[in-house]
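Okay, structure first, notes after.
The values are calculated or read from the model by the stated rules, or taken from the named source; none is laboratory data. Small disclaimer: the values here were computed from a predicted structure and weren't measured. With ideal geometry, Cβ positions are generated from the backbone for all residues, glycine too; neighbour counts draw on all protein chains shown. Side chains are part of the model used for accessible areas, which takes the heavy atoms of the whole protein and leaves out ligands, DNA and RNA. Shrake-Rupley method; radii C 1.70, N 1.55, O 1.52, S 1.80 Å.
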Amino acid sequence: MKHRDALDILRTIYGYDEFRPQQADIIDHAISGQDALVLMPTGGGKSLCYQVPALARRGTGVVVSPLIALMQDQVDALLALNLNAAFINSSLSPSDIAHTEEDLLNGDIDLLYVAPERLLMPSMLSVLDRCEISIFAIDEAHCVSQWGHDFRKEYMSLNVLHERFPDVPRLALTATADQRTRDEIVQNLALDDARQFVSSFDRPNIHYAIKEASNAKDDLWRFLENNHPDDAGIVYCLSRRKVEETAEWLCGKGRTALPYHAGLTGAVRQKNQARFLREEGVVVVATIAFGMGIDKPDVRFVAHLNLPKSVEAYYQETGRAGRDGQPANAWMSYGLQDIINLRSMMQGSDADEQHKRVEHHKLEAMMGLAEMGTCRRQALLAYFDDHLENPCGNCDNCLSPPKTWDATEAAQKALSCAYRTGQRFGVNYLIDVLLGKDAERIQRFGHSSLAVFGIGKEYTTTQWRSLFRQLIAKGLLSVDVGGHGSLSLTEAARPVLRGECELNLRELDSRQEKRSRSSKKNKSLAVSIADKPLWEKLRKLRSQLSEGKPAYVVFTDSTLLEMVEQKPTTSEQMSGVAGVGVHKLEKYGDAFIDAIKEYEMFADVDYDDAGEPA
Ligand code: ADP
Ligand code: ZN
């Protein structure tokens, strides 16, 4: 099996025709024995970048990964290709480990997955000393960065690989893009001489939409019903309580929705994650504790019910949708309260001032993305120093540009209301004053006699909230989070108050109708109505054949979709479908061909209303 040509491996084992741009270069580079740092978005195809060199070179490819819970699935996917793969981590018994080590020493393993803490054990290193190693792949390499939020201290010691195995090429891979993380990876893994391969971070198949919440739950439900009535997806919430509530509520509505957060026991989390990976159409409702390394290719949507705390987090979380390259939705509904909550979480943390300032800027960038009126993809990519020439045509702002209006006068009212009441009050109070509410508290503070009392009756509470949110996002008001989210004016507010400049804002509440219409365009998968029964049939067959493993281990959605489109009825036709390699053709080919033939036979029959052939 060794010394094979990379393209031959791709075609026969994986059943794919061509390498994606970058993959071929990275693979050539690694096969020639050199180190590399690979930055590629989720779904970009990082796995092949180390798997193919591992197969093409002599010896075992060793993959370092922090994702113990997922190793079994990763190995299963390779076994399904008839490769010799194994993993070693703390979930195995000593005798299992001894067994795998023996296989390793006999040169019987193509790919070995290990957790970093295991790899660094003297006993493990000494086993590796006695093996032939084709390549070291350091997956999720950003875990070596203290700057990011996935820091693992064991990763810091991985430079030992360089010292101990100087002749083995190393490939560090990550989907985290920013320069600072990149620098830390190079430094901490001693990759100074490694070539860097940076792919575009664009995920063209993901449709981005961000809306202001009117009623978050109803919004979510409408989004799911319109776009993903039976798809798998992730719903992110900020708090554990909201996770629990939302999951329960979705279950009540008939969806299979499972909670996932750090407050659940390891066993429950593990079980819910496993169901998400193995069953079709499961929704996981989660805090950010969920998702790193989730390899599920057919996550059709990622929904945020709260604003993430940075663009990095947003990009990483939404990036879990559509790994298979098929259309997917990144949808978010958020409100003013999110900004206040995030600010107070940041303020209340015991991080140092420097760190807080950084977090503050990151949140501001995220708010900017949420509030903007032009192409979101261009902004998102620009944030990662990536450049997109033209507006993308696949985000809410491209498909239905928001209307703007001259909000100068309304903003002046809002700002002076904050100013006149002493910059000590939160948004709810300020809106009550603007609307001239007869509240006891307003009387008590004597604010009913102010000139701003009741000057804002032309707008509703919701509209005022939207306006305040935009003023905060634009940096005209700042939220003091020490107390109760009281709003104070910033320097930037002064020219607006003095009437020295105009302020154009997004129309308040304007887009909900249009937004849901446009997101309908991004119906999950491109299965035509006519082919839906075949699609369902093949999905069912896939589940039956998966033997308790995730269904995509048999074939991914992309592969099934191609079968539905091409309807192959011979082995030769079947082998032309992307994702059908030699081994899978042999193992599953006939079953799928039979299913397609059976379907074709009845496809011309008309059915009456009762579903009986007429
Ligand atoms: P990443 O690890 O970068 O998130 P994966 O390695 O899981 O991405 O790849 C994402 C999907 O793309 C997988 O289903 C994989 O089989 C598929 N894929 C990767 N490379 C190719 C290729 N050259 N042709 C077709 N499909 C590919
Ligand atoms: Zn766009």
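To the nearest 10 square angstrom, how much accessible area does Ser239 have with a 1.4 angstrom probe? Accessible area, nearest 10 Å²: 50 Å². Accessible surface of His387, taken over heavy atoms with a 1.4 Å probe and every protein chain present, rounds to 140 Å².
Length available on full extension from Ser91 to Thr12: 0.36 nm per residue minus the Cα-Cα distance, which gives 25.2 nm.
Relative to its residue count, the chain spans a Cα convex hull of 179 Å³ per residue.
Amide hydrogen proximity for Ile210: with H placed 1.01 Å from N in the peptide plane, the residues at 5 or more positions away or on another chain lying under 5 Å are Met332, Asp396. Against the main long axis of the alpha-carbon atoms of the chain, helix 94-105 sits at an angle near 60°. Taking every DSSP helix (H) stretch of at least 4 residues in the chain, weighting each as -39,500 (n - 2.57) and dividing the sum by the residue count yields a mean residue ellipticity at 222 nm of -13000 deg cm²/dmol. In the stretch 404-508, the C-alpha radius of gyration followed by the widest Cα-Cα span (Dmax) gives 12.7, 38 angstrom.
The residues of the stretch 206-399 present an accessible area of 37 Å² per residue when probed at 1.4 Å with all protein chains retained. Of the two radii for the stretch 206-399, the radius of gyration is 0.95 times the Kirkwood radius, both from the alpha carbons; that is the Rg over Rh value. For the stretch 231-337, the equivalent ellipsoid derived from the alpha-carbon gyration tensor has semi-axes of 18, 17, 14 Å in decreasing order. Ordering 551-558, 53-60 by mean Cβ neighbour count within 10 Å, with the highest value first, yields 551-558, 53-60. A simple spin-label model places pseudo-atoms 7 Å from Cα toward Cβ; at Val198 and Met372 they are separated by 1.8 nm. For the stretch 223-291, the relative contact order is 46 percent, taking Cα pairs closer than 8 Å that sit 6 or more residues apart in sequence and dividing their mean separation by the residue count. With K and R counted +1 and D and E -1, the other residues having a Cβ less than 10 Å from that of Glu117 yield a net charge of +2.
Work out the FRET efficiency for Gln34 and Asp129 from their Cβ-Cβ distance, taking R0 = 22 Å, and round it to the nearest 0.05.
Between Gln34 and Asp129 the formula returns 0.50.
One Cα centroid belongs to the stretch 342-400, the other to the stretch 542-562; the line between them spans 36 Å. Take Arg420: with every protein chain present and a 1.4 Å probe, its accessible area is about 150 Å². Computed over the chain, relative contact order equals 14 percent, with contacts defined as Cα pairs under 8 Å that lie 6+ residues apart. Restricting to the chain, what percent of DSSP beta bridges are antiparallel, rounded to 5? So the antiparallel bridges in the chain amount to around 15 percent. Taking amide H atoms as placed 1.01 Å from N in the peptide plane, the amide H of Ser486 lies under 5 Å from those of Asp480, each 5 or more residues away in sequence or on another chain. When only alpha carbons are used to place a centre, the stretch 291-305 and the stretch 139-200 end up 24 Å from one another. Net charge of the neighbourhood of Ala137, taken over other residues with C-beta under 10 Å away and scored Lys/Arg +1, Asp/Glu -1, is +1. Comparing Ser200, Ala98, Asn341 along the charge dipole axis of the chain, the residue lying farthest to the positive side is Asn341, per the Cβ-charge model.
To the nearest ten degrees, helix 216-227 and the longest principal axis of the Cα atoms of the chain are 40 degrees apart.
The gain in end-to-end length when the Glu244 to Met121 segment is fully stretched comes to 40.4 nm, 0.36 nm per residue minus the alpha carbon separation. Between helix 336-348 and the chain there is an angle of about 80 degrees, using the helix long axis and the longest principal axis of the Cα atoms. Shown are Ile340, Ile9, whose ranking by accessible area with a 1.4 Å probe and every protein chain present, most to least, is Ile340, Ile9.
Net charge near Arg278, counting Lys/Arg +1 and Asp/Glu -1 over other residues with Cβ under 11 Å of its Cβ?
Values: positive: Lys271, Arg275, Lys296, Lys549; negative: Asp73, Asp76, Glu279, Glu280, Glu547.
Cβ neighbours under 11 Å give a net charge of -1.
Based on the Cβ-Cβ distance from Gln354 to Gln573, what FRET efficiency comes out when R0 is 60 Å, to the nearest 0.05? Calculated value: 0.45.
Where q = 0.08, 0.09, 0.12 Å⁻¹, what log10 of I(q)/I(0) comes from the Debye formula for the stretch 6-198, counting one point per Cα? Here log10 of I(q) over I(0) equals -0.23, -0.29, -0.53. Model label points for Arg20 and Arg494, set 7 angstrom from Cα along the Cα-to-Cβ axis, are 5.0 nm apart. In this structure, Phe165 and Gln270 have a Cβ-Cβ separation that, at R0 = 30 Å, corresponds to a calculated FRET efficiency of about 0.35.
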